[in-house]
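Report on the following structure.
The values are calculated or read from the model by the stated rules, or taken from the named source; none is laboratory data. Here the structure is a predicted model, which means the values were calculated and not measured. Note: ideal-geometry Cβ built from the backbone for every residue, glycine included; neighbour counts use all protein chains shown. Only protein heavy atoms, including side chains, enter the accessible area calculation; ligands, DNA and RNA are left aside. Shrake-Rupley method; radii C 1.70, N 1.55, O 1.52, S 1.80 Å.
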Amino acid sequence: KIDYLRTAFIGVGARGGSHLRVVASLENTEVVAVCALYEDHVNRWTKIASDIGKGERHQKVAAYFGDENLWKKMLEEVKPDVVFIATNWDNHAPMVIEAMKKGAHAFVEVPIATTLEDMWEIVRTSEETQKHCMMMENVNYGRTELMYLNMCRQNIFGEILHGEAAYIHELRGQMRSVEAGRGTGSWRTHHWANKSGNLYPTHGLGPVAQYMNIGRTDDTFRRLVSFSSPARNHEIYAKKHFKPESKLNKIDYTKGGDMSTTIIKTQLGRTVMVQWDESSPRPY
């Protein structure tokens, strides 16, 4: 038990700020540090924290900005109890691992890691340090998803043999961040271009896994087959919205895929279809 929780935040450009706002409003918490690349982001959220604290809490927030590696210095100097991580995807695993090694529990945005090796290293580090590490899959806690989970637990639907899940959400507008040099699209665009497969599976899969009690009973995910369609939509968008000399029109998008479809077979034989598409111009 931690009676008074000292919290730190790495990345407050987008999702991280919303986490800070929630945590700062909780009793028995103290925001002790904010770390981000850009000074304006850090200044904004340290002020918001102090305003929420109303002169009593969050008044001495350590600020770190201007260098990609200052988060390491923050962990050394501040020694928080808990670290919230909302940075670009490639930084998630290294930050999570180092936070636990420095004695902090770690909460990290989706996805928790981008390689299988990093995932296993996170497991090993959590076991060795006895620190909690949680991927903050927010859709698991949506009101609609929790309603269905409650209905499943009351056996309203009977035995669940098949599930379907998706994250279909056009995000091509984020590509404008590449030209701006900062923002989510400045790094997410390169994942779209260079990786084929489902890059964001847990928004859809997380709730369905809970409905099926995957990992909580004797059933687990056993095997899968996955296919991606050809990639067209990012290239079309770049040609339509940006000048020919734009760096967005110099990227090879063909390594990715517009629509990913995966079929999972569980240990008990149940099936789940998971789809992902962040580039097609269609409703959310």
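Only a single item in (1) assigned to a loop (DSSP other than H, G, I, E, B); (2) crowded, with 17+ Cβ neighbours inside 10 Å is not met by Y167, and it is number (1). Within the stretch 25-48, the residues that satisfy the criterion of being surrounded by fewer than 17 Cβ atoms within 10 Å (Cβ to Cβ) and under 19 Å from F107 (Cβ atoms) are S25, L26, E27, N28.
Confirm whether S177 is of a type in the set (G, A, S) and open to solvent by 70 Å² or more (accessible area, probe 1.4 Å). So S177 fails the test. Restricted to helices (runs of 4 or more DSSP H) entirely inside the stretch 176-281, those with at least 1 residues that are touching a residue at least 24 places away in the same chain (Cβ under 8 Å) and more than 22 Å from R153 (Cβ to Cβ) are 176-180, 185-194, 233-241.
Taken over the stretch 110-121, residues that are in a helix (DSSP H, G or I) and either in contact (Cβ under 8 Å) with a residue 12 or more places away in the chain or open to solvent by less than 40 Å² (accessible area, probe 1.4 Å) (or both) amount to 3. Got at least one residue in the stretch 49-70 being open to solvent by less than 50 Å² (accessible area, probe 1.4 Å) and among the acidic types (D, E)? No, there is no match, as no residue in the stretch 49-70 is open to solvent by less than 50 Å² (accessible area, probe 1.4 Å) and among the acidic types (D, E).
M74 meets the conditions (1) at pLDDT 95 or above; (2) under 26 Å from S177 (Cα atoms); (3) buried (at least 17 other Cβ atoms within 10 Å of the Cβ) in every case but one. The failed one is (2). Taken across the stretch 194-204, residues that are open to solvent by 80 Å² or more (accessible area, probe 1.4 Å), over 22 Å from the mean Cα position of the chain (by Cα) and under 24 Å from D90 (Cβ atoms) do not occur at all. Within the stretch 237-279, take every residue that is more than 16 Å from R188 (Cα to Cα) and small (G, A, S) and give me the one that is surrounded by the fewest Cβ atoms within 10 Å (Cβ to Cβ). For the stretch 237-279, the residue satisfying everything is G269. Within the stretch 122-150, the set of residues being open to solvent by 100 Å² or more (accessible area, probe 1.4 Å) and under 17 Å from the mean Cα position of the chain (by Cα) comprises H132, Y141. Of all the residues in the stretch 123-140, those that are over 23 Å from A33 (Cα atoms), without any contact (Cβ under 8 Å) to a residue 60 or more places away in the chain and of a type in the set (A, V, I, L, M, F, W, C) number 1.
One residue stands out in the stretch 15-24 among those that are open to solvent by 70 Å² or more (accessible area, probe 1.4 Å) and touching a residue at least 24 places away in the same chain (Cβ under 8 Å): the one that is nearest to K72 (Cα to Cα), namely R15. Of all residues in the stretch 150-164, those that are in a loop (DSSP other than H, G, I, E, B) and either under 23 Å from L199 (Cα atoms) or β-branched (V, I, T) (or both) total 2. A residue that is farther than 22 Å from V123 by Cβ, open to solvent by 50 Å² or more (accessible area, probe 1.4 Å) and either in contact (Cβ under 8 Å) with a residue 24 or more places away in the chain or over 17 Å from the mean Cα position of the chain (by Cα) (or both) can be found somewhere in the stretch 79-92.
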